[in-house]
Each structure stands twice: as structure tokens, then as C-alpha cells.
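Chemist: Provided herewith is a single structure, encoded as C-alpha cells, for subsequent inquiry.
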Amino acid sequence: MGGASGQRRFGGLLRRRSFRLLWTGETISQLGNAMALVGVPLVAVTVLHASTFAVGVLAAAAWLPWLVIGLPAGAWVDRWPARRVMIVCDVISAALYASVPIAAGAGVLTTWLLVAVQLAGGAASVLFMTAYQVYLPSIVAPAELIEGNTKMQGSASAAAFAGPSLAGLVAQLLGAVTALLCNAVSFLVSAACLLGARARPSRPAAGARLAAARPAAARPTTLRREIADGLMFVLRDPFLRQLSTFWAAANLALTGYAALLVVFLVRVIGLTPGSVGLLTAIPGIGGILGALITGRITARYGTARGLLLSTLLTVPFCLLIPLTGPGPRLAFYVAGSLVACTGIGVGNIVIAAFRQSYSPPGMCGRVTATMRFLIFGTSPLGALLGGSLGTWLGVRPALWVLLGAVALSGTLLLTPSLRGRRNLPDRPPAIGEGQEPAPAQAAGP
């Protein structure tokens, strides 16, 4: 796996129309998701005056679809055209978030309606995120995956920065409900961009690869069998299994923290919606920094060592966040979230590029969905845990517990298979004969 070559030209992959459209569409879709991340809790807290536990339930609802359709989503995406799946999901998401201001205008907006929107929007997000991971390798070469994922992660992080800020600003000026209308528009723009993207002629689009990869006699298979194949491949593989375990544990605590963040900043620190939007955008800056330094880190240390170093040295900075207070003490939140999210951004890029190159032909969708099922499947529990701890212990003590777990999660990566390697492998041991291959370029897993 590599990707330094594309970066030697000014603009790199952005010079290609299909990648540029995919990049633009995915970035705008991520902008909508980032706006919803702050917009929905702000509606619940400032308009519906929901309880701390109810806000936790809202966060859980957005992640619950990973438990319900996370595994079949991979098999579906391997069967269906990935680009079409993404466009349909964008249109559905636009309709869902547009229903909130409509309901508010009609005087029928309730917390339960927000829960329903979060559930359906979460289901669309499951399919979109899985399809995007499958579609990217069909428009870039294997040696360009690090560059492609770096650009996608960088723009997603920029969206994560701009989305909360925009949601907070609109909520401050026009009301929290109006912010979700802007969210709906962003999904329509994303769908329009994706309409023009096309897979490379030399790489069949996702869905076609599944049939081509099988012998003719083996093609009639059931959905259950395809799901089971993807699940067992991930659970039996030492690298995919360990990476999934780490991220599942970290995500459990991070989702609990995220469920309490708006409550913490509004009710404990006493900030306005606009200030909340600005502060919750800080992790996006960390993601941008992570995207900027990933290539250098993997070139110098390798992908496996780079993943370990970026995780173990930066994520514990999240323990500064519970020290946050009014005035100068806001610097604790800024420093803690910025440094920790920089390391998380590096890890996201390395793991995404590794998964895309490592997955056998025709299985990228199922491998992606299985890992995300295992990782994001902990999110509903984490959100409910955050709401429960916030109600039981208080919001600030709950943050200490949850972020302490995040800081310790990196130790799960200290296994012999990862600790003793410079680079993550390019293919499973059965294909690569168990040997660590040299990287195709100077950087990349």
C-alpha cells in the first residue's frame, strides 16, 4: 500500500474529475452529518428542554442502526452499485432532516420525532459510509489509497470543523430548528455531486466485483452466507480482529462522551449555542492536522508503528477535557480535543487504507461493514451509558470516567502482531504467505 506518488503533482487526485466529485459529495455529506451532530442535541436541549438521559437516547438512536443493519449492509453494498446507494442515502437524509423544521412549524415536534429521524438517518448513514469505503478503491489505484484516504479524511475533518460551527451560528441567529434545514440542503448538494462520478474503466464498480470474483458454479449464495463469510473473515484475521477490538472499546467511551458534550457545555459551563458550535468544531481541526501529517508519519515510522505512536502519544490528552471551565479554562477543552483528535485522525486514515487494500476481491463491503458493526455497535450502549452516568454521577464526573476509558483504550493495540511490525500487511496471510511486504511507495500501509 502506498500513495505518495499522487501527492508529487500539485492537487494530486483532485485533478481527476471522478475523485473530485466523490471528494466533494462525501465532504458535503459529512458537513451535513456534522451539523446534525450539534443541531439535533441543540434542538432537544434548547427547544424541547429534554433531560440529560433523553439526550443520551437521541445519540443512541443515531448509532442503533449499526447493530440492526450493520452486517447486511456490507453484503448489500457488495451486490448493489455503490454510487447509487450513496445518492439514494443522501436524498433520504435530506427528506428526514427537512421534516424537523416542518414539524416544528406545524407545532408537532417532539423528542420522539427526533428519535425517529435519528434512527432513519442513522440507517442511511450506515449504507452511505459503507458504500463510500467500497467505491473509493474503484476510482483510485491501490498505490493511491493513502493519498485518497488522506484527502477524504482531511475534507471530512474540515466538515467536522465547519459543521458544528455553522450549526451553532445558525442556531444562534435563526434558531436550532433552522440549522437542521441547512443540514437537509447539504445532502441534496452531495447527491448532485455524486451523480457525475464514475469508476475507473480498469476497475469494475462495487457490486460487479462480487460476481466476477466467484466461480460460475458458486455464484448463487444466500445473503446470510455472504454476511457470515465477512464476519468470520474479520473475526479470524489477527489484524482486523485486533483493530476492531481497539476501536470498539474506544468508541464505546467516545460515544458516551459525545452524548454528554452539548449538555456539559450548555448546562455546566454555561455557553451559548454559537460558542458550543465553535468549541465542538475543534475536533475537526485535529482531524485536518492528522490528515496533513499522516503521510510523513507513515513514511518515517511505517503504518503499524505510526498507528501505535499516534494513538498512544496523543489520545490520553483527552483527559484535559473534564478540567474545562468558564473563561481561560476553556483552553483545557481546546488542547485536549485538538491533540487527541489529531492522533485519531491519523489512525482513521491508516486503518481505512489498510482495510481497503487488505480485503479480498469482492469482500470490501462486507469487511468494512463487519468492522463498523463491531465498532459502531458499541455506540448505542455508549450513548446510553453516557446519559446514565451523567444522570447518576453528574456530567463532569461522568466525563472523567468515560475519557479515562478512552485514554486507556490504546493499550489494546500493544499485541505482538502489531508491536513487532513496521508496516501493516497488504494482503491476508493466506495470500501474502505470512510475510510482511515492503510498502509499494515511501508512505502508506
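The values are calculated or read from the model by the stated rules, or taken from the named source; none is laboratory data. Since the structure is predicted, the reported quantities are computational estimates derived from the model, not experimental observations. Cβ placement follows ideal geometry from the backbone for every residue including glycine, while neighbour counts extend to all protein chains displayed. The accessibility values were calculated without ligands, DNA or RNA, using every heavy atom of the protein model including side chains. Shrake-Rupley method; radii C 1.70, N 1.55, O 1.52, S 1.80 Å.
Chemist: Which of (1) within 18 Å of the chain's Cα centre (by Cα); (2) open to solvent by 10 Å² or more (accessible area, probe 1.4 Å) is the odd one out, the single condition Gly148 does not satisfy?
Modeler: (2)
Chemist: Something else now. When you scan region 417-429, do you find a residue that is assigned to a helix (DSSP H, G or I), open to solvent by 20 Å² or more (accessible area, probe 1.4 Å) and farther than 21 Å from Thr298 by Cβ, even just one?
Modeler: Checked region 417-429: at least one residue is assigned to a helix (DSSP H, G or I), open to solvent by 20 Å² or more (accessible area, probe 1.4 Å) and farther than 21 Å from Thr298 by Cβ.
Chemist: Mind checking which residues of region 275-302 are within 22 Å of Leu399 (Cα to Cα), outside any loop (DSSP other than H, G, I, E, B), open to solvent by less than 30 Å² (accessible area, probe 1.4 Å) and not hydroxyl-bearing (Ser, Thr, Tyr)?
Modeler: Val276, Gly277, Leu279, Ile282, Gly284, Gly286, Gly287
Chemist: Please enumerate the residues belonging to region 47-56 that are part of a helix (DSSP H, G or I), closer than 22 Å to Leu385 by Cα and open to solvent by 10 Å² or more (accessible area, probe 1.4 Å).
Modeler: Within region 47-56, Thr52, Phe53, Ala54 meet the criteria.
Chemist: How many of the residues making up region 357-415 are in a helix (DSSP H, G or I), aliphatic (A, V, I, L, M), open to solvent by 30 Å² or more (accessible area, probe 1.4 Å) and out of contact with any Phe, Trp or Tyr (no Cβ under 7 Å at 6 or more places or on another chain)?
Modeler: Within region 357-415, the subset in a helix (DSSP H, G or I) is 357-358, 364-376, 379-393, 395-413.
Subsequent filtering for residues that are aliphatic (A, V, I, L, M) retains 367, 369, 371, 374-375, 381, 383-385, 389, 393, 395, 398-399, 401-403, 405-408, 412-413.
When the remaining residues are screened for being open to solvent by 30 Å² or more (accessible area, probe 1.4 Å), the result is 374, 381, 384-385, 393, 401, 405, 408, 412.
Subsequent filtering for residues that are out of contact with any Phe, Trp or Tyr (no Cβ under 7 Å at 6 or more places or on another chain) retains 374, 381, 384-385, 393, 401, 405, 408.
Total meeting the criteria: 8.
Chemist: Answer yes or no as to whether Val339 is modelled with pLDDT of 90 or more and more than 19 Å from Trp400 (Cα to Cα).
Modeler: no
Chemist: Here's something else I'd like to know. Only residues that are assigned to a helix (DSSP H, G or I), modelled with pLDDT under 50 and open to solvent by less than 30 Å² (accessible area, probe 1.4 Å): list them for region 1-34, please.
Modeler: Gly6
Chemist: Among what's in region 98-130 and is open to solvent by 20 Å² or more (accessible area, probe 1.4 Å) and β-branched (Val, Ile, Thr), pick the residue that is nearest to Ala184 (Cα to Cα).
Modeler: The qualifying residue nearest to Ala184 (Cα to Cα) is Ile102.
Chemist: Yes or no: region 303-323 includes at least one residue that is without any contact (Cβ under 8 Å) to a residue 60 or more places away in the chain, over 19 Å from Phe264 (Cα atoms) and not in a helix (DSSP H, G or I).
Modeler: For region 303-323, residues without any contact (Cβ under 8 Å) to a residue 60 or more places away in the chain, over 19 Å from Phe264 (Cα atoms) and not in a helix (DSSP H, G or I): absent.
Chemist: Residue by residue through region 242-269, note down the ones that are open to solvent by 50 Å² or more (accessible area, probe 1.4 Å) and modelled with pLDDT under 90.
Modeler: Across region 242-269, the qualifying residues are Ala258, Arg267.
Chemist: Given the options Ala167, Ala159, name the one that is within 14 Å of the chain's Cα centre (by Cα), at pLDDT below 75 and in a helix (DSSP H, G or I).
Modeler: Ala159
Chemist: Mind checking which residues of region 59-75 are buried (at least 24 other Cβ atoms within 10 Å of the Cβ) and more than 18 Å from the chain's Cα centre (by Cα)?
Modeler: Once the filter is applied, which keeps residues that are buried (at least 24 other Cβ atoms within 10 Å of the Cβ) and more than 18 Å from the chain's Cα centre (by Cα), region 59-75 yields only Ala75.
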